[in-house]
Amino acid sequence: MAARPRPSPPSNAALEFWQQIEAAPDPGPPFSCRYPARWPDGRVLHLPIRDIGVAGLIVNQASFAVVRALVAGLAAAVRDLSPEVVVGLPTLGHTLAAPLAEALGHANWVAAGYSRKRWYEERLSAPIRSITTEEERRVWLDPGMVARLRGRRVLLVDDVISTGRSARAGVALLGQAGVRPVGLAVAMIQTRRWAEAWPSEIPVRAVLETPALVRREEGWWPA
């Protein structure tokens, strides 16, 4: 049985990820250490391949140009949902939620958070995990924001959806406030592992989509 290839060591090249959208053609598969996530117009955003078999995207490390392009793409993708309020999930969802709300013509947005302020209530919280942060935390909603949400069309925003655990926690959190979101907006759909347990009545809109990846002797392949 062949030994598994070792992950590529970190290098300064990693600093160049998610800095620009390129017109370069798709180079693979197999892929060595990066995956070309395809933009709707055919351009690509090169993303690092993580050892858990996914292409990673960290939007708060992206260039302003890439974030603007993601926001513009999401704004176009969710307009038919007619959202009236945008709720951003922490932490990376905040990078997209604020400019997306502005792009949709809103005067403000609502930020869920990991930090419990003194006036927060236990009932307006939910446990949350992700594939990159396994320890369980709680996500909180400011009680003062509930009136801004109730009776309105609420759009939930996160950076990516992979297993769906973080996004489902966001749905549960809004449910504690008596709200069901009209949709989930993410920069990237990261595999389809989330789909089986996702509520069918909540559409998911994204700009990019990347598959699960499997490592073979010659490199990474879509699973």
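The values are calculated or read from the model by the stated rules, or taken from the named source; none is laboratory data. Everything numeric in this text was worked out from a predicted model, so none of it was measured. Reconstructed Cβ throughout: ideal geometry from the backbone, glycine too, with neighbour counts over all protein chains shown.
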Checking Leu89 against (1) surrounded by 14 or more Cβ atoms within 10 Å (Cβ to Cβ); (2) farther than 14 Å from Leu155 by Cα, the condition it does not meet: (2)
State whether one or more residues within segment 69-78 are in contact with a Lys or Arg (Cβ under 6 Å, 6 or more places away or on another chain) and farther than 16 Å from Pro222 by Cβ. yes
Any chance you could count how many residues in segment 96-146 are of a type in the set (Asp, Glu), under 29 Å from Val66 (Cα atoms) and not in a loop (DSSP other than H, G, I, E, B)? 1
Of all residues making up segment 76-95, the number that are assigned to a loop (DSSP other than H, G, I, E, B) and either farther than 17 Å from Ser166 by Cβ or touching a residue at least 40 places away in the same chain (Cβ under 8 Å) (or both): 6
Output the qualifying pairs, or none if there are none: Cβ atoms under 8 angstrom, residues six or more apart or on different chains, first residue in segment 155-172 and free of Cβ contacts under 8 Å to residues at least 40 places away in the same chain and of a type outside the set (S, T, N, Q), second residue surrounded by fewer than 24 Cβ atoms within 10 Å (Cβ to Cβ) and part of a helix (DSSP H, G or I). Gly164/Ala195; Gly164/Ala197; Arg168/Ala197
Is it the case that Arg192 is free of Cβ contacts under 8 Å to residues at least 24 places away in the same chain and either part of a loop (DSSP other than H, G, I, E, B) or surrounded by 15 or more Cβ atoms within 10 Å (Cβ to Cβ) (or both)? yes
State all residues of segment 50-79 that are over 19 Å from Leu155 (Cβ atoms), charged (D, E, K, R) and either exposed (fewer than 14 other Cβ atoms within 10 Å of the Cβ) or touching a strand residue (DSSP E or B) at 6+ places or on another chain (Cβ under 6 Å) (or both); if no residue qualifies, say none. Asp51
Among the listed residues Ala147, Ala101, Ala107, identify the single one that is among the small types (Gly, Ala, Ser), crowded, with 19+ Cβ neighbours inside 10 Å and closer than 29 Å to Gln176 by Cα. Ala101
Checked Gly183, Gly219 against criteria (in contact with a strand residue (DSSP E or B) (Cβ under 8 Å, 6 or more places away or on another chain), modelled with pLDDT of 95 or more and of a type outside the set (A, V, I, L, M, F, W, C)); the one match is Gly183
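Take segment 156-180 and flag every residue that is in a loop (DSSP other than H, G, I, E, B), of a type outside the set (Gly, Ala, Ser) and at pLDDT 95 or above.
Val179, Arg180
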